[in-house]
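The structure appears below as structure tokens.
The values are calculated or read from the model by the stated rules, or taken from the named source; none is laboratory data. Note that the structure is a prediction, hence the values are computed from the model and not measured. Glycine also receives a Cβ, built like all others from the backbone with ideal geometry; neighbour counts cover every protein chain displayed. For accessibility, only protein heavy atoms count, side chains too; no ligands or nucleic acids. Shrake-Rupley method; radii C 1.70, N 1.55, O 1.52, S 1.80 Å.
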Amino acid sequence: MTMKVLGYAAKSAQVPLAPLEFTRRDPRPDDVVMEVLYCGVCHSDLHQARNDWGVSTYPLVPGHEVIGRVTAVGKDVTKFKVGDPAGIGCMVDSCRVCQPCKQGLEQYCEEGNVQTYNGVDRHDHLPTYGGYSQTIVASQDFVLKVPAGLDLKAAAPLLCAGITTWSPLRHWKIGKGSKVAVVGLGGLGHMALKLANALGAKVTLFTRSPSKEADARRLGAHHIVLSTDDKQMAATKGQFDLIIDTVPYVHDINPYMPTLNVDGTLVFVGFLGDLSPMLNTMPLILARRSVAGSCIGGIAETQEMLDFCAKHGIASDIEMINIQDINHAYERMIKSDVKYRFVIDMASLKA
């Protein structure tokens, strides 16, 4: 009983997203079928739709911040029942047997995790399609429980923007008394401020825009440092245990390195590519500082993050759109004209 499903797809890198009817696979015994209620719009949706990374296959149905309601379960499913709210993030499968998978780090699967869209299913070798659609199907082991008390709409971006910033905060053991800085205030940055603050850290935002101060404080920053102001930068020398760099394009990180404490780390979560200008290793060697990278989070860690957000009343700041406005939303996203994440009301697809 393959399902005919309506969604929005990029049919090539050059054309706007448009409606597309496509086929979802037959649910397998461990599968959960979800009606998609809300889907967050991530910067990577735009990159993939336009083949900016050179790996896109078309037609491509984006969307990996998916919140929905369970409409059917396979006979082996024990974690969900029909009617449950549920979520699907950036991946829908992995090999499950390699060292990273066994440690709950499916995002670093040695065979490559199966992406929620623009991936290839491990079993039937068909392309995966994302959440800009009526329904989605995935193994129960990659579906997340949405705890009571979370606003479903505002929970959608937690499944990418939330976990992408939560994972490094947990890995570098951020808690009460930690000093954390965040570079960039967008979809990822605004979640990093909220989560670091809720974990008990002293939180600073590095920004080039003085106009962002009030918003940054509302979101959880205790201090704001203008990264273009040499005096302000010098005043933060040796302060931070962790800097979460959320900027999605190439930029100079050398000015941030001296602001790290001994053993401090700057972690990239937004930019994929070559550093330019090159990294000067002097500040690294003289204080055992590190530059690192981090990618989303494992399924158990994502569940932990959702539960934490429910307990602490944390969700994303969102702007709701109809699916028909997705191409306009992409244009606005390029200009950083969103506070701080677009979420599609998938009921609009029926129109």
*For the stretch 247-301, name all the residues that are among the polar types (S, T, N, Q) and modelled with pLDDT of 95 or more.*
N254, T259, N261, T265, N280, T281, S290, S294
*Quick check: is even one residue across the stretch 37-52 outside any loop (DSSP other than H, G, I, E, B), at pLDDT 95 or above, hydroxyl-bearing (S, T, Y) and open to solvent by 10 Å² or more (accessible area, probe 1.4 Å)?*
yes
*In the stretch 1-34, the residues that are among the β-branched types (V, I, T) and touching a helix residue (DSSP H, G or I) at 6+ places or on another chain (Cβ under 8 Å)*: V32
*How many residues does the stretch 284-302 contain that are surrounded by fewer than 17 Cβ atoms within 10 Å (Cβ to Cβ) and in contact with a Leu (Cβ under 8 Å, 6 or more places away or on another chain)?*
3
*Out of curiosity, is V15 in the same structural domain as V146 (by the TED database) and surrounded by 15 or more Cβ atoms within 10 Å (Cβ to Cβ)?*
no
*Kindly provide the set of residues from the stretch 234-270 that are touching a Pro at 6+ places or on another chain (Cβ under 6 Å) and open to solvent by 20 Å² or more (accessible area, probe 1.4 Å), ordered by number.*
K237, D252, P258, G270
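Does at least one position in the stretch 128-145 carry a residue that is acidic (D, E) and more than 16 Å from I299 (Cβ to Cβ)?
Start the filter on the stretch 128-145 by keeping residues that are acidic (D, E), which leaves 141.
Checking the rest, the ones that are also more than 16 Å from I299 (Cβ to Cβ) come to none.
Checking the stretch 128-145: not a single residue is acidic (D, E) and more than 16 Å from I299 (Cβ to Cβ).
Could you run through the stretch 68-96 and say how many residues are of a type in the set (G, A, S) and under 15 Å from A148 (Cβ atoms)?
3
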*Which one of the conditions (1) exposed (fewer than 15 other Cβ atoms within 10 Å of the Cβ); (2) among the hydrophobic types (A, V, I, L, M, F, W, C); (3) in contact (Cβ under 8 Å) with a residue 12 or more places away in the chain does M278 fail to meet, given that it meets all the rest?*
(3)
*What residue, among those in the stretch 323-340 that are open to solvent by 20 Å² or more (accessible area, probe 1.4 Å) and in contact (Cβ under 8 Å) with a residue 12 or more places away in the chain, is nearest to M191 (Cα to Cα)?*
K339
_I'd like the residue in the stretch 341-351 that is out of contact with any Gly (no Cβ under 6 Å at 6 or more places or on another chain) and not in a loop (DSSP other than H, G, I, E, B) and, out of all such residues, is most open to solvent (accessible area, probe 1.4 Å)._
K350
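Give, as residue ranges, the helices (runs of 4 or more DSSP H) completely inside the stretch 96-211 that count at least 1 residues that are assigned by the TED database to the domain that holds L242 and open to solvent by 30 Å² or more (accessible area, probe 1.4 Å).
Numbers: elements: 99-102, 152-155, 161-171, 187-198.
Result: 161-171, 187-198.
Name the one entry in N322, N280 that is under 18 Å from L46 (Cα atoms) and of a type in the set (S, T, N, Q).
Working: N280 fails: under 18 Å from L46 (Cα atoms).
Sole residue among the options that is under 18 Å from L46 (Cα atoms) and of a type in the set (S, T, N, Q): N322.
Taking the stretch 23-36 only, how many residues are more than 19 Å from R122 (Cα to Cα) and either open to solvent by 10 Å² or more (accessible area, probe 1.4 Å) or of a type in the set (K, R) (or both)?
Keep residues of the stretch 23-36 that are more than 19 Å from R122 (Cα to Cα), which gives 34-36.
Restricting the remaining residues to those that are either open to solvent by 10 Å² or more (accessible area, probe 1.4 Å) or of a type in the set (K, R) (or both) gives 35.
Total satisfying the criteria: 1.
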_Test: residue in the stretch 58-70 that is in contact (Cβ under 8 Å) with a residue 24 or more places away in the chain, among the hydroxyl-bearing types (S, T, Y), assigned to a loop (DSSP other than H, G, I, E, B) and under 21 Å from G187 (Cβ atoms)_ = no
